[in-house]
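Working notes for the structure below.
The values are calculated or read from the model by the stated rules, or taken from the named source; none is laboratory data. Keep in mind that what you see is a predicted model, and the values were worked out from it rather than measured. Counting neighbours? That spans all protein chains shown, and the Cβs are built from the backbone with ideal geometry, glycine included.
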Amino acid sequence: MLIVPLLCDPLLCARPLAARRTEDSMTMTDPKPSVSADVMSLAGELGAERSRPGWSSFSLGINDEQRELRDWAHTFAADVIRPAASEWDEREETPWPVIQEAAKIGLYGLEASINLFIDPSGLLMPLVQEELFWGDAGIGMSLVGTGLASSAIFSNGTPEQWSQWLPRCYGTADDVQVAAFCSSEPGAGSDVSAIRTRATYDEKTDEWVLNGQKAWATNGGIADIHVVVATVDPSLGTKGQAAFVVPKSEVRGLEQGTKLKKHGLRASHTADVFLDNVRIPAENVLGGKEKLDARLAKAREPQDSAGRARNASMATFEMTRHIVGAQAIGIARAAYEFALDYAKGREQFGRPIIDNQGIAFKLADMAMEIDAARLLVWRAANMSSALMRGETPDYRHGEGSMAKLKAGEVAVKVTEEAIQILGGNGYTREYPVERMHRDAKIYTIFEGTSEIQRLVISRAISGMRIR
Ligand SMILES: Cc1cc2nc3c(=O)[nH]c(=O)nc-3n(C[C@H](O)[C@H](O)[C@H](O)COP(=O)(O)OP(=O)(O)OC[C@H]3O[C@@H](n4cnc5c(N)ncnc54)[C@H](O)[C@@H]3O)c2cc1C
């Protein structure tokens, strides 16, 4: 099996072969040595050597379990999500019946999330999310938006906090819940260091008191569990911030503000959240108060380890970006498939419009760009799997950002081209591609705008603090 690629690859074969010929020519009696025998023996030697453990095989294949779970998600997307997409987009409401149905079959809930997360290849989560968003992005976001809060609890919380809060993020199949992650503020979007929401410790009652305004929170106000990022020491910038669990049903002072009317992703609830003297127990700070105090004390020391701290926080963000990229690919693929079918069926000038290179080449580019984006997503997913081995993924070039950036921009481009291919029909709500285009646009904005992804990548490749 190894021989064929070795024979075909001039870079692998050329140098060793040349070296061997020179040696051979000094000792050989046959004036016309058999070149093919030489090639075969070299390839055989290398083949045997590289079949030993340590030479890993390269594969873009997925295993049977991954395929099964992906197909299961696809069936749900095709049978339940897609038929409901237009209705919930028009209603601009959270599709609770769809979430309930997903919970009943085990596709929504804490167990489902753990099931998808625990995969040494890192591929399960993006595989499944691509399918859900292929079904519909607005409903998809209602199904996965809770993951923002639960990932924050998982990555910052203690095992006790996981047990206490993670089940409450999702509820049960009979009583489904969603959760909200509230970081952005009117004055702090891309610039998280500008967060003004303040958490003050009240020693007398051993409580935190939270005050501030959060913006654009997915599930904000309709969730019970809100994970709120607030500053404890504003002089320390992001290092002075911490995340707090605020269970709405147990506190006073957390109110939903304006529910936003959006361009796309309209089946997902987005709202401002106000915190007015919200009191929560000291233990609700993720990671625990002792660890926070130690972290703040360290941040106040002169920082010779600043570089290391930056890398660690970059790795945290990078680890989830490819999953967002997979969502964008789901939208792009749905639009591409729809446009391909349409182009085969729609006739103008007496022949299907796909007969024109002008249309067929668009579709070729759409297919290629989707695959290119998916490869980046899978690479970043695979890098994130280092977590499974208790290691920090080594994102040297902002590979997570590359995946999200490429996938988001591909989704916008592909859905726009899909509208073009459908012509007038593409521009109407009678056909799904205009909704897909509206949905796709958010992928250049949230979870880090395209410009911020480029900033991360350019800093990573240059080692410079590009601004
Ligand atoms: C539907 C939706 C759901 C969301 N869900 C959540 C959520 O659940 N939780 C949450 O916390 N937030 C959420 N957000 C907020 C989202 O993360 C922010 O909108 C995003 O981070 C961008 O911030 P901003 O809107 O303030 O844009 P700004 O930061 O004001 O950016 C405006 C423009 O300036 C550019 N820009 C800014 N700084 C730079 C720079 N240094 N270099 C180059 N260009 C720059 C940006 O790229 C962008 O093009 C959501 C937003 C939306 C629309």
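Anything in the stretch 421-449 that is within 15 Å of the chain's Cα centre (by Cα) and among the aliphatic types (A, V, I, L, M)? List them, or say none. 440, 442, 445 - these are the residues of the stretch 421-449 that are within 15 Å of the chain's Cα centre (by Cα) and among the aliphatic types (A, V, I, L, M).
Rundown of residues vs (1) over 30 Å from residue 432 (Cα atoms); (2) within 22 Å of the chain's Cα centre (by Cα); (3) surrounded by fewer than 21 Cβ atoms within 10 Å (Cβ to Cβ), yes/no style:
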position	(1), (2), (3)
163	yes, no, yes
169	yes, yes, no
197	yes, no, no
226	yes, yes, no
237	yes, no, yes
246	yes, no, no
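Residue selection: residue 268 fails the criterion of being at pLDDT 95 or above, away from the ligand (no atom under 15 Å from the Cβ) and closer than 30 Å to residue 87 by Cβ. Looking at the stretch 391-423, which of its residues are β-branched (Val, Ile, Thr), in contact (Cβ under 8 Å) with a residue 24 or more places away in the chain and within 20 Å of residue 329 (Cα to Cα)? Passing the criteria: 410, 412, 414, 415, 421. Listed here are the helices (runs of 4 or more DSSP H) enclosed by the stretch 117-195 that have at least 2 residues being away from the ligand (no atom under 16 Å from the Cβ): 124-135, 159-170.
One residue alone among 79, 71, 89 is within 21 Å of the chain's Cα centre (by Cα) and acidic (Asp, Glu), and that residue is 71. Look at the stretch 447-467: where a residue is closer than 16 Å to residue 190 by Cα and in the same structural domain as residue 323 (by TED's automatic domain parsing) and a partner is assigned to a loop (DSSP other than H, G, I, E, B) and more than 10 Å from the ligand (Cβ to nearest atom), sitting 6+ places away or on another chain with Cβ atoms under 6 Å, you get 456/398; 457/398. Listed by position, the helices (runs of 4 or more DSSP H) contained in the stretch 335-443 that have at least 2 residues being within 16 Å of the ligand (Cβ to nearest atom) are 399-426, 433-441. Only one entry in 454, 459, 467 is in a loop (DSSP other than H, G, I, E, B), over 19 Å from residue 330 (Cβ atoms), among the charged types (D, E, K, R) and within 12 Å of the ligand (Cβ to nearest atom), namely 467.
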